[in-house]
Amino acid sequence: MRLRSFLLFGLTSLLVIVVSGCPDGVPCDFPVRCFESCGGPELSACGVCPAGTRSFSSCVDLGASDAGVSDAGSDASVDASVADAGPLDAALVCARPGYPASSAATADERAAVEAAAADFLASTGVTVGLSATTAAVTDFSAPFPIALDAGITEPCARALAGVQAFLAVRAALMRLPTDLVMRACSYDALTDSEIVRLHGGTYAGRSLLGADNDLVVHVTRSGTIRYWGGDYLPVANRLIPAPCLAADALERSLVGASLGYTRFAACVVGAPGSVVITASDTCTAGPSSLYVDAGGLIHIARQVEVLLDPAHVSSAEIGSDLFCCAGGSLAGCVGSYLIVDEVDGAVLQQLPRCITC
């Protein structure tokens with residue numbers, strides 16, 4: 001049973017910054033710059049600026065004074081007057097030291113998981129394999145029993161409840177979101193097992209973009225987990241930084257960026273191309289979420305649907321994987337999804353709106 005995963009917001013030692021606003025010798029995940037007054041002496045703090053002081057972002061207003069600066073209370077927000085200069089300009093003055101964070105497990109996190117694995121071994125005789133990078137569970141050495149509620153008569157519901165109870169009891173080991181849901185369930189007569197597939201889950205209210213927690217668990221009707229596999233992002237108690245760009249600013253920041261596409265002719269792949277996003281196109285940001293990039297760094301991001309204005313659509317886009325139209329109209333059906341970082345406005349990934357062939 002193999003299980004790949006990423007650990008939520010693991011900080012590498014190179015990205016940990018100690019500032020005077022934290023107790024001596026204690027690392028600060030989120031140092032901020034604060035001022036007694038805009039233009040006055042600077043001091044450092046951890047997380048938020050102390051009462052009676054101003055954050056760096058609230059003072060960056062092209063020469064604003066105390067009388068003309070909106071004080072939102074911390075470096076977590078960008079003053080509206082700064083944002084007026086442009087969404088990317090606003091992002092530049094919104095500091096997030098150590099962002100994006102590495103998914104590598106800290107020493108404390110690994111020690112806690114190893115202790116949980118040792119307890120599991122002592123209780124069941126089953127060895128737990130751990131990822132060398134994230135300390136996530138990678139395998140179990142043998143099947144192991146779980147408790148099934150005899151009062152639940154529907155087999156899939158009974159198996160699901162048993163898995164959920166196991167996850168709750170072994171939360172320190174498995175570190176899964178508590179709001180996973182059942183995607184599908186089927187009975188395997190050969191092994192007398194319910195094959196339960198779980199997915200979803202959120203982290204401090206944020207779901208995952210570009211990937212999904214996806215677990216397959218075989219639960220025998222006698223009450224044994226005999227197979228466990230899939231991908232999931234473990235939960236960890238880490239700071240999720242506040243965005244620098246609001247949804248509307250993120251949408252505006254995409255003007256001038258490009259959508260890539262691949263041309264198709266009778267489902268035969270053709271040459272790649274791209275089209276520049278203009279102000280006449282429609283960009284609609286989804287909810288604030290989490291995104292794990294190819295290097296294992298975790299971003300706060302939004303999935304933005306980009307739909308080209310019909311007047312902006314040429315034969316090249318019509319003959320490409322941007323084309324998702326069912327009828328004769330080009331309105332609201334030619335485009336793609338972009339995953340955009342809420343801190344610096346970077347486009348992290350492009351996802352298709354439909355499967356062309």
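Condition first: of a type in the set (A, V, I, L, M), more than 16 Å from THR284 (Cβ to Cβ), open to solvent by less than 30 Å² (accessible area, probe 1.4 Å) and without any contact (Cβ under 8 Å) to a residue 60 or more places away in the chain. Can you find one or more residues in the stretch 309-327 that meet it?
yes
Filter the stretch 205-215 down to residues that are surrounded by 15 or more Cβ atoms within 10 Å (Cβ to Cβ) and not in a strand (DSSP E or B) and give me whichever is modelled with the highest pLDDT.
SER207
If you go through the stretch 228-265 one residue at a time, how many are among the aromatic types (Phe, Trp, Tyr) and closer than 21 Å to VAL113 by Cα?
Residues in the stretch 228-265 being among the aromatic types (Phe, Trp, Tyr) and closer than 21 Å to VAL113 by Cα: 2 in total.
Looking only at the stretch 240-289, how many residues end up being in contact with a Leu (Cβ under 7 Å, 6 or more places away or on another chain) and assigned to a loop (DSSP other than H, G, I, E, B)?
Residues that pass the stated criteria total 3.
Is one or more of the residues making up the stretch 298-307 β-branched (Val, Ile, Thr), touching a helix residue (DSSP H, G or I) at 6+ places or on another chain (Cβ under 7 Å) and within 30 Å of TYR232 (Cβ to Cβ)?
yes
Only one of these conditions is not met by HIS218: (1) open to solvent by 40 Å² or more (accessible area, probe 1.4 Å); (2) over 24 Å from the mean Cα position of the chain (by Cα). Which number is it?
Unmet condition: (1).
If you go through the stretch 149-164 one residue at a time, how many are hydrophobic (A, V, I, L, M, F, W, C) and open to solvent by 50 Å² or more (accessible area, probe 1.4 Å)?
Residues in the stretch 149-164 being hydrophobic (A, V, I, L, M, F, W, C) and open to solvent by 50 Å² or more (accessible area, probe 1.4 Å): 1 in total.
Looking for whichever is of a type outside the set (Ser, Thr, Tyr), in contact (Cβ under 8 Å) with a residue 12 or more places away in the chain, within 23 Å of GLU305 (Cβ to Cβ) and open to solvent by less than 10 Å² (accessible area, probe 1.4 Å) here; the options are LEU198, LEU254. Which one fits?
LEU254
Hey, among the residues in the stretch 139-173 that are β-branched (Val, Ile, Thr) and part of a helix (DSSP H, G or I), which one's nearest to VAL217 (Cα to Cα)?
VAL163
Condition first: touching a Leu at 6+ places or on another chain (Cβ under 8 Å), outside any strand (DSSP E or B) and more than 27 Å from GLN350 (Cα to Cα). Now tell me which residues in the stretch 222-234 satisfy that.
GLY223, the sole residue that qualifies.
The values are calculated or read from the model by the stated rules, or taken from the named source; none is laboratory data. Just so it is clear, the model here is predicted, and its values are computed rather than measured. Note that each Cβ is placed from the backbone with ideal geometry, even for glycine, and that neighbours are counted across all protein chains shown. Quick note on the areas: whole protein, heavy atoms, side chains included, nothing else; ligands and nucleic acids left out. Shrake-Rupley method; radii C 1.70, N 1.55, O 1.52, S 1.80 Å.
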